[in-house]
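Novice: Got a structure for you, questions after.
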Amino acid sequence: MPCNLEPSTKRHKAQARIALLFVLIALALTVLPTASFAGTDTAGNVLATDNDSNPSGVEGDLYWAGQSLELDDVSIDRDIIAAGDTLSIRDCTVGGAVRLAARTIDIAKTTVDGSVTVAGQHVVLNSDSAANCFYAMGETVALRGSTKSAALAGDTVTIDGTVEGDVEVWADKLILGKNARITGTVNAHVSEDPERAAGAEVGALKIDRTENEDTSTVNDVIGGIVAAALSTCFVALLLELVFPRATVSAAGMLHQCPMPLWVSGLLGTIAVVPAVLLLIISIAGLSLAGALMCGVIGIALVSSAFAGCAIARMVGHSQNRYAMAAAGGVIAGALTAIPLVGDFISGVAFVFTLGYVIQIIWRNAHLKSQQPANTPELPTA
């Protein structure tokens, strides 16, 4: 985890969005089917869901996805990679690393030879737990065990354990408990003075105060809106030049049958995260997972311009198509750059574009399935 970032409001927002992304990944897993699956490959790796019993031991890696995971007195020879709603690891030994994403993460009385990298809402490395290094991000993050180094980010970060090295902290509030034993330097990028209990031992404490309030000026906001409007306008014009049939088709679909478009886009948005995770943990589907992620990223990059262009084409269908594309791109770009509401508008544009792509794929597949029935039969003797 990089430790040389400038403490700023923008970075706090970026960290919050990353944490929210991991939480959404965990929450999205709640829509997974209730049917369980489990298996061990030839390398000793175990693939499991929350309906599977607690394994007694794993010779390779443990891949897990579901709602609630409770590992108790288990030996994992290599890594644990898991995502869900609630993850609890107790009295375990892990020969490799631990990678977790969930709403609630509790690691207690566990020894990890490698690193622990976790993200969630409430994250705890409890007492009597040890890891080589601890990287955590969440709303509340607590380090009560022991590690050689740590990088922690959250609204409230508590250190009440042992760190045989340096600690990087990005938080609104930092609490150093009475059991804190830190031999190195604590570089605290915080918005208020840390709370330090009597008995806390810290080699050195460097405080870099940040501010909670947004320090950007009105000119910065206006400049960002203008830049977003111009860049989105350019992408919209490019889409209209290269894919004119797509923008016209999306405009017609939005005007004539908007419900299937929005429903498929919303369902696709919900399903894409668990679909990628299922492909990843299946190992054989890693290439498909990568292709799916690339497609989703591509749609996200052009969704605002495409949605603005399509809506403008629908409203001004009799006007010059390039003029309407430019107008739609400018309006869409400006709206997505407005503070507070911009992210919501970007999300709506993504749902719209993904819904259109799904509808086009569905219609093409439906037409191809009907083609063999219309082909002439071979003459018979």
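Here, each number is a calculation from the coordinates, and none is a lab measurement. None of the values given here were measured: they were computed from a predicted structure. Backbone-built Cβ (ideal geometry, glycine too); neighbour counts: all protein chains shown.
Novice: Among 338-344, 183-189, how do they line up by average Cβ neighbours within 10 Å per residue, starting with the highest? Show your work: numbers first, answer last.
Specialist: Numbers: 338-344: 12.1, 183-189: 18.9.
Highest to lowest by the protection proxy: 183-189, 338-344.
Novice: Among 171-178, 288-295, 75-82, what's the highest-first ranking by average C-beta atoms within 10 angstrom per residue? Numbers along the way, then the final one.
Specialist: Working: 171-178: 18.6, 288-295: 13.6, 75-82: 20.9.
Ranking, from highest mean packing down: 75-82, 171-178, 288-295.
Novice: Another question about this same structure. Measuring from label point to label point, each 7 Å out along Cα→Cβ, what is the Thr111 to Ser68 span in nm?
Specialist: 3.0 nm
Novice: Computed over the Cα atoms, what is the radius of gyration of the range 57-110 divided by 2.2 N^0.38 Å, N being its residue count?
Specialist: In units of the globular-protein estimate, the range 57-110 measures up at 0.99.
Novice: Let me ask something else about it. Report the full-extension gain for the segment Asn179 to Tyr322: residue separation times 0.36 nm, less the Cα-Cα distance, to one decimal in nm.
Specialist: Going from the current span to full extension adds 44.9 nm.
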